[in-house]
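One structure is given below, encoded as structure tokens.
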Amino acid sequence: MPIIKQHIAQVVDTDERERPRDLAGLVAELELDNPTARRWAARDLAEFQASSEVLIARLKREDDGSVRDAILTTLTRLGDTAAVAGLVECLRSEDAALRSEVIEAMKQLPEEVAPIMSGLLADADSDVRIFAVNILESLRHPQVEAWLAGVIEHDPHVNVCATAVDLLGEVGTPLSRPALELLKARFPDEPYICFAVDLALKRIGED
Amino acid sequence: MKRILIIDDAATVRLYHRNILEAAGYAVEEAVNGIEALEKVMQTPFDLYVVDINMPKLDGYGFLKEMRRQDIDQAPAIMVSTEAEADDRQRAYRAGANLYLIKPVKPAELLIHVHLLLGEVRA
Amino acid sequence: MAKITISEEDFQKFREYFYRKVGIQFENSKRYFVDKRLVERINATGAKDFRDYFTMLRFEASGAELQKLVNLMTVNETYFFREEYQFQCLVNSILGEITRNKKDKAPIRIWSIPSSSGEEPYSIVIYLLEHWPGLAQWDVEIISSDIDTNIIESARRGHYSARSVQYLPATLLKKYFKPNAGGYQISEDLRSAVEFTCVNLMDAADMRSYRKFDVIFCRNLLIYFDDLSRRQAAETFFDALNPGGFVCLGHSESMSRISSLFRVRKFPEAIVYQKPGVNL
């Protein structure tokens, strides 16, 4: 019978990661042509605290999705200031796929992202403010509702507000009702905002 | 009944577009990102797609490119975006969009384009 | 205890959240089914009402409560030829593509995880023997793994209840099984065709020897994992596969909630996920 039984340990004869796994060696491997080597280097760099900056630099020009994925996983493990600052820079990238991946990575870092959240929500670029609200979606932080209410009370950009209302409908409490009413008054001619506010009010309910 | 797939990670946006399109007599389904959208299209293609750009896992550009490249469906797609820059518009058309609208979309505006793209003349 | 009720808006809110996280969309007609289970969990967790429970569910770091709900809202049972369309896809589409792209004559490697009590890996063997002519030219290795050593022992023994074999065609039952002790004993040939191993999918060291697979069946497992573990499992599968290799998930599972590492591929029989390869 050609279905053969093979003991699992016999299949992989050598570890693919043959080169030295020190910081300098791994950083050099991040630049190799072979994406598998880059991916392993990115993963193994999780053992080195000082590697965030070099990972961010690679992330910005990496075009293989599986390598980007590994870099982002490592950056979320490291979660240091350099990692977070680098991720924020990537939110301004022209590359929509990279932006989405970075938003997902930042969602994994509630503790580290919380201190810079106010700054992101006040960013001059409305897209960055939208991404900041996207990140709030999974941020476990007592301030989340207040941040969202702040956005819909003050943010001049309709789409930043629209993103915040969507989330308020899910996480909001009756405390947010006045801010929601105010938002409707600020954009009376936007059918979408009226729809979204009414839905959020309904979902939130009365006390 | 013509079928439309709405692809957006925001539940409120999906519901808003769904209400407008269902009221006009279309059958609507939803997906939260490009991968789920591809899975749905692969099961049964739709007559039209309303596609957001920024979504987790696979964004709107990625979805359209993959759908067109694998030749899963060539039906018209409206890309809806928060971004009004010319580059974004160009990128959407290159990915395979037939139309680019800026959010939030007014109900009448959405419907008129849907009718046009589906080749339906309505009074 | 005050009687807990789920309002229409609560149901909608929960439904949207569950859909976003898990990918399962409940129709309005499922309202009673969903409400009943929600009330059960609200009472079990001591939450004071839906809002209280929903906040806990949403913000719980471990994701354990969400997994409890997934368990309650889905049915997980295993039997021979479960989700047979995927085995059809394997023999009619997937293996053809793999053999066309193979540059050597190395055996085709299939990994079935979790093995559970063996129904899935043995179904694959039966399917190959019965429906894949390629066996004349190609060797196949089938490895099946589980985290539970007791269940692996039971898989190795290969003794099954009537219920477990109820969807097997009678001819196949007769061909590969013998009635025994109120159930059915799978044949020695089949038992010796599968290598069963004990692994923890989350343990990187364990996973290091799992490489060079062409197809991975991982059905109805990841849906019970939290976000991070699911993502980690997807990465493990990516590393375990040859370029161009395939992952088959269960019918209520979707990579759309897990990872963007794989391409979605449509075959006539099923939708599966593929690791990008050299020419893809």
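The values are calculated or read from the model by the stated rules, or taken from the named source; none is laboratory data. Note that the structure is predicted; figures quoted are calculated from it, not measured. Cβ atoms come from the backbone with ideal geometry, glycine included; neighbour counts cover every protein chain shown. The accessibility values were calculated without ligands, DNA or RNA, using every heavy atom of the protein model including side chains. Shrake-Rupley method; radii C 1.70, N 1.55, O 1.52, S 1.80 Å.
Per residue, what accessible area does the stretch C:84-274 have, given a 1.4 Å probe and all protein chains present, in Å²?
Counting only protein heavy atoms, the per-residue value for the stretch C:84-274 is 39 Å².
Which value in Å is the Kirkwood Rh of the protein assembly as shown over different Cα pairs?
26.1
Could you give the length gained by full extension between C:Arg163 and C:Lys175, i.e. 0.36 nm per residue of separation minus their alpha carbon distance, to one decimal place?
The C:Arg163-C:Lys175 span can extend by a further 2.6 nm.
On average over all directions, what projected area in square nanometres does the stretch C:8-73 have, based on the convex hull of its Cα atoms?
Average of the hull's projected areas for the stretch C:8-73 equals 4.0 nm².
Can you give me the C-alpha center-to-center distance between the stretch C:147-178 and the stretch C:25-49, rounded to a whole angstrom?
So the two Cα centres are separated by 36 Å.
Any chance you could check the stretch B:69-103 for residues losing 40 Å² or more of accessible area when the partner protein chains are in, compared with the chain on its own (1.4 Å probe)?
By number: B:Gln70, B:Thr82, B:Glu83, B:Arg91.
Pick from A:Ser126, A:Ser52, A:Ser93: which is most flexible by mean-square fluctuation in a GNM of chain A where alpha carbon atoms under 10 Å apart are linked?
Highest fluctuation of the listed residues: A:Ser93.
Set the Förster radius R0 to 35 Å, insert the Cβ-Cβ distance between A:Ala146 and B:Ala24 as r into 1/(1 + (r/R0)^6), and round the FRET efficiency to 0.05.
That pair, A:Ala146 with B:Ala24, gives E of 0.35.
Using the Cβ atoms and a cut-off under 13 Å, what net charge is assigned to the surroundings of A:Glu137, where Lys and Arg are +1 and Asp and Glu are -1?
Result for the local shell: -2.
Compute and list, largest first, the equivalent-ellipsoid semi-axes of chain A from the alpha carbon gyration tensor, each √(5λ) rounded to a whole angstrom.
Ellipsoid semi-axes (Å, largest first): 43, 20, 15.
Which residues of the stretch A:158-174 bury at least 50 Å² of accessible area once all protein chains are present, versus their chain alone (1.4 Å probe)?
A:Asn159, A:Asp166, A:Glu170
Tell me which lysines have Cα within less than 22 Å of C:Lys266's Cα, excluding those fewer than 8 residues away on the same chain?
Partners within reach: B:Lys40, B:Lys57, B:Lys65, C:Lys102, C:Lys275.
Just need the relative contact order of chain C here, percent rounded to a whole number, with Cα pairs under 8 Å and 6+ apart.
19
In whole percent, how big is the carbon plus sulfur part of the accessible area of the stretch C:170-280, probe 1.4 Å, protein atoms only?
52
How much accessible area per residue does the stretch C:8-73 have, in Å², with a 1.4 Å probe?
46
With point charges of +1 on the Cβ of Lys and Arg and -1 on the Cβ of Asp and Glu, referenced to the Cα centre of chain C, which listed residue (C:Ala205, C:Ser7, C:Tyr224) lies farthest in the positive direction of the dipole?
Result: C:Ser7.
For C:Glu188 and C:Ala61, FRET efficiency with R0 = 45 Å and r from the beta-carbon atoms, rounded to 0.05?
So, using R0 = 45 Å, E works out to roughly 0.40.
Interface size between chain A and chain B, please: total buried accessible area, 1.4 Å probe, rounded to the nearest 100 Å².
Heavy-atom accessible area buried at this interface is about 1800 Å².
Return the distance in nm (one decimal) between the two label points of a simple spin-label model at A:Asp198 and A:Ser118, each offset 7 Å from Cα along Cα→Cβ.
Each label point is offset 7 Å from its Cα along the Cβ direction, giving 3.7 nm.
In chain A, once you exclude exposed GluC sites (Glu not before Pro) (DSSP loop, at most 16 other Cβ within 10 angstrom), what's the longest stretch remaining?
Within chain A, the longest run free of exposed GluC sites (Glu not before Pro) spans A:95-205.
In terms of the Cα gyration tensor, with a ≥ b ≥ c the square roots of its eigenvalues, is the stretch A:115-207 rounded because a/c is under 1.5, prolate because a/b exceeds b/c, or oblate?
oblate
May I ask for the percentage of alpha-carbon pairs in the stretch C:147-280 that lie more than 27 Å from each other?
That tail contains 34 percent of the Cα-Cα pairs.
What shape does chain B have by the C-alpha gyration tensor, where a ≥ b ≥ c are the square roots of the eigenvalues, rounded means a/c under 1.5, and otherwise prolate means a/b greater than b/c and oblate the rest?
Rounded, because the longest to shortest axis ratio a/c is under 1.5.
Count the net charge of all other residues whose Cβ sits under 11 Å from the Cβ of B:Asp87, scoring Lys and Arg as +1 and Asp and Glu as -1.
Net of charged neighbours comes to -1.
How big a patch of accessible area, both sides summed and in Å² to the nearest 100, lies buried between C and A at a 1.4 Å probe?
Between C and A, the summed buried area is about 3600 Å².
Could you state the accessible area per residue of chain B in Å², with a 1.4 Å probe and every protein chain left in place?
Heavy-atom SASA per residue in chain B reads 38 Å².
Relative contact order, percent, of chain A when contacts are C-alpha pairs under 8 Å separated by at least 6 residues?
RCO, chain A: 11 percent.
Rounded to the nearest 10 Å², what accessible area does A:Cys161 show when all protein chains are kept and the probe is 1.4 Å?
0
Does chain C come out rounded, prolate or oblate by the C-alpha gyration tensor, with a ≥ b ≥ c the root eigenvalues, rounded set by a/c under 1.5 and, if not, prolate when a/b is larger than b/c and oblate if not?
prolate
Go through the stretch B:10-34 and flag every residue whose accessible area shrinks by 30 Å² or more with all protein chains in place compared to the isolated chain (probe 1.4 Å).
Buried-area filter returns B:Ala11, B:Thr12, B:Leu15, B:Tyr16, B:Val32.
So which helices of chain A fit the span-like rule, where a helix is a whole DSSP H run, its Cα atoms reach 18 Å or more along the axis, and its mean Kyte-Doolittle is at least 0.0?
Those that clear 18 Å and a mean of 0.0 are A:65-78, A:158-171, A:191-204.
To the nearest 100 Å², how much accessible surface do chains C and B cover up together, summed over both, with a 1.4 Å probe?
In total, chains C and B hide about 1500 Å² from solvent.
Between the stretch C:112-143 and the stretch B:50-72, how many Å separate their Cα centres?
A separation of 35 Å, based on Cα centres.
Per residue of chain C, what 222 nm ellipticity follows from adding -39500 (n - 2.57) for every DSSP H run with n ≥ 4, rounded to the nearest 500?
Rounded to the nearest 500, it is -11500 deg cm²/dmol.
Give the longest segment of chain B that steers clear of GluC sites (Glu not before Pro) in DSSP loops with at most 16 neighbouring Cβ atoms within 10 Å, not counting the sites themselves.
Maximal segment without exposed cleavage sites: B:1-84.
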